[in-house]
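For reference, the structure discussed in these notes is given below.
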Amino acid sequence: MKRKVLLIYTGGTIGMEKDYATGSLHPFNFDNIFRKIPEMNLLECEVSVHSFAHPVDSSDMGPDDWKQIAIMVRDHYESYDGFLILHGTDTMSYTASALSFMLRGLRKPVILTGSQLPIGDLRTDAKENLLTSLYYASLYEKDEAVIQEVAVYFEYKLLRGNRTLKYSAEFFDAYRSPNYPLLGQSGVHLNIGRELLYRPGKDESFCCDLHLSDDVVFWRIFPGMKAEQFLHLPTTKVLILQVFGSGTIFNDPETEGALLRLRKKGIEIVVISQCVSGAISFGKYVNSNIFIKAGAISGHDITAESALTKAMHLIGNPRYRASFAELFATDLCGEISVEK
Ligand code: ASP
């Protein structure tokens, strides 16, 4: 039986072609994709293409676009076996992370890919990324999808979406998942680390949750930063603070006072690391005690992209009964390495 994949084209480099006369890039009509990559006709799956009305550079994408993609998956969930989202590379990790919180109880693959060079370029990486992503998006065994989560496929690697970050603006090998192993790797064979794949709870059924709050502020601290800057924090419900190493910050009474004041106002403080690999560990150094005193939440080994979208998903979401702190510390869909 031929599996059916819905390909959703949102924009980005992958859908561009080069005008060799002028050297500039412009989007091509994605409905012509089968003519551009005739190999798509050889795949053992049936592909339908849906293109955003106005394909965008992914730096123009945000919560409304994430919702648009989630709704498309929700509305076509029963009619397709898998979903492939073609996306600009710059913010693909944000979209993948957001979708992982919005599309819960997935029993079908949702794969994101893009490319560093346009599809029409002689040396393009788009073709391999697209064809192998389609393979993963249509991979079933004994009538069960092998991948049942939001994943990113790029340059021979299959990664958990909410663990990824864009690592290189230059190399084809552009994504990393520093705190979680690769889900799969394609070489001569297309391999999958089955024991690493996410599986929803047995009784969990698919649901699409569109709640995304914009009451989240993201700050990166830096050496020499003045505590008084915390007084200028815009009105918000959550402050994600990207701090040093395993969770350290300036050990001075002003910073402590500032953070305690924010907490008194009811602002949740989530602490994540500026290091891309490793985890926050409160109490390891004196310079993290401030966070314990202030009742800040450890983001553990979460990526910045996941922390931001998880906070947007959780804060004020009527779906949950538990507190924000409790939920943030819980592994909801494979985004942090803590017990479920
Ligand atoms: N600026 C582009 C985007 O993110 C880059 C790319 O697609 O590679 O949409």
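The values are calculated or read from the model by the stated rules, or taken from the named source; none is laboratory data. Keep in mind that what you see is a predicted model, and the values were worked out from it rather than measured. Every residue, glycine as well, gets a Cβ built from its backbone with ideal geometry; the counts of neighbours run over all protein chains shown. The area values use the complete protein model at the heavy-atom level, side chains included, leaving out ligands, DNA and RNA. Shrake-Rupley method; radii C 1.70, N 1.55, O 1.52, S 1.80 Å.
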Practice prompt. Just give me the residues in the range 120-166 being in contact with a helix residue (DSSP H, G or I) (Cβ under 8 Å, 6 or more places away or on another chain) and of a type in the set (Ser, Thr, Tyr), in sequence order.
Written response: Tyr153, Tyr156, Thr164
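Hey, among the residues in the range 1-32 that are free of Cβ contacts under 8 Å to residues at least 60 places away in the same chain and within 16 Å of the ligand (Cβ to nearest atom), which one's surrounded by the fewest Cβ atoms within 10 Å (Cβ to Cβ)?
Of the range 1-32, the ones free of Cβ contacts under 8 Å to residues at least 60 places away in the same chain are 1-2, 19-24, 26-27, 29-32.
Filter once more, keeping what is within 16 Å of the ligand (Cβ to nearest atom): 24, 26-27, 30.
Details: Ser24: 9, His26: 12, Pro27: 19, Phe30: 21.
Checking each candidate, the answer is Ser24.
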Item to complete: Please state which of the following conditions Ser115 fails to meet, knowing it meets all the rest: (1) out of contact with any His (no Cβ under 7 Å at 6 or more places or on another chain); (2) at negative phi; (3) more than 16 Å from the ligand (Cβ to nearest atom).
Response: (3)
Discussion item. Return the pair list, or none, for Cβ contacts closer than 8 Å from residues in the range 282-299 that are touching a residue at least 60 places away in the same chain (Cβ under 8 Å) to residues that are surrounded by fewer than 12 Cβ atoms within 10 Å (Cβ to Cβ), at least 6 apart or on different chains.
Written reply: none
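Determine whether the range 80-90 contains at least one residue that is more than 26 Å from Ala169 (Cβ to Cβ), away from the ligand (no atom under 12 Å from the Cβ) and open to solvent by less than 10 Å² (accessible area, probe 1.4 Å).
Of the residues in the range 80-90, the ones more than 26 Å from Ala169 (Cβ to Cβ) are 80-83.
Then drop every residue that is not away from the ligand (no atom under 12 Å from the Cβ), which leaves 80-83.
Next cut, open to solvent by less than 10 Å² (accessible area, probe 1.4 Å) only: 82-83.
Checked the range 80-90: at least one residue is more than 26 Å from Ala169 (Cβ to Cβ), away from the ligand (no atom under 12 Å from the Cβ) and open to solvent by less than 10 Å² (accessible area, probe 1.4 Å).
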Item to complete: Please enumerate the residues belonging to the range 279-306 that are outside any loop (DSSP other than H, G, I, E, B) and among the acidic types (Asp, Glu).
Response: Glu305
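The rows are residues; the columns are (1) in a helix (DSSP H, G or I); (2) of a type in the set (A, V, I, L, M); (3) within 21 Å of Glu326 (Cα to Cα).
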{"site": "Leu241", "(1), (2), (3)": "no, yes, yes"}
{"site": "Ser246", "(1), (2), (3)": "no, no, yes"}
{"site": "Glu256", "(1), (2), (3)": "yes, no, no"}
{"site": "Ile272", "(1), (2), (3)": "no, yes, yes"}
Worksheet item: Do the conditions hold for Tyr135, that is, is it over 19 Å from Val276 (Cα atoms) and either in contact with a His (Cβ under 8 Å, 6 or more places away or on another chain) or assigned to a helix (DSSP H, G or I) (or both)?
Response: yes
Worksheet item: Is it the case that Val276 is assigned to a loop (DSSP other than H, G, I, E, B), among the β-branched types (Val, Ile, Thr) and open to solvent by 50 Å² or more (accessible area, probe 1.4 Å)?
Response: yes
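Is the range 66-78 home to any residue that is open to solvent by 30 Å² or more (accessible area, probe 1.4 Å) and over 30 Å from Val216 (Cα atoms)?
Initially, the range 66-78 is screened for residues open to solvent by 30 Å² or more (accessible area, probe 1.4 Å), giving 67-68, 71, 74-76, 78.
Narrowing further to those that are over 30 Å from Val216 (Cα atoms): 76, 78.
Yes, the range 66-78 has at least one match.
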Worksheet item: Hey, does the range 46-60 have a residue that's more than 16 Å from the ligand (Cβ to nearest atom) and crowded, with 19+ Cβ neighbours inside 10 Å?
Response: yes
Worksheet entry | strands (runs of 3 or more DSSP E) (entirely within the range 184-237) containing at least 2 residues that are in contact with a strand residue (DSSP E or B) (Cβ under 8 Å, 6 or more places away or on another chain) and open to solvent by 50 Å² or more (accessible area, probe 1.4 Å) | 190-192, 216-220
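Given the options Ser93, Ser97, name the one that is at pLDDT 95 or above, surrounded by 15 or more Cβ atoms within 10 Å (Cβ to Cβ), touching a strand residue (DSSP E or B) at 6+ places or on another chain (Cβ under 6 Å) and hydroxyl-bearing (Ser, Thr, Tyr).
Details: Ser97 fails: touching a strand residue (DSSP E or B) at 6+ places or on another chain (Cβ under 6 Å).
The conditions single out Ser93.
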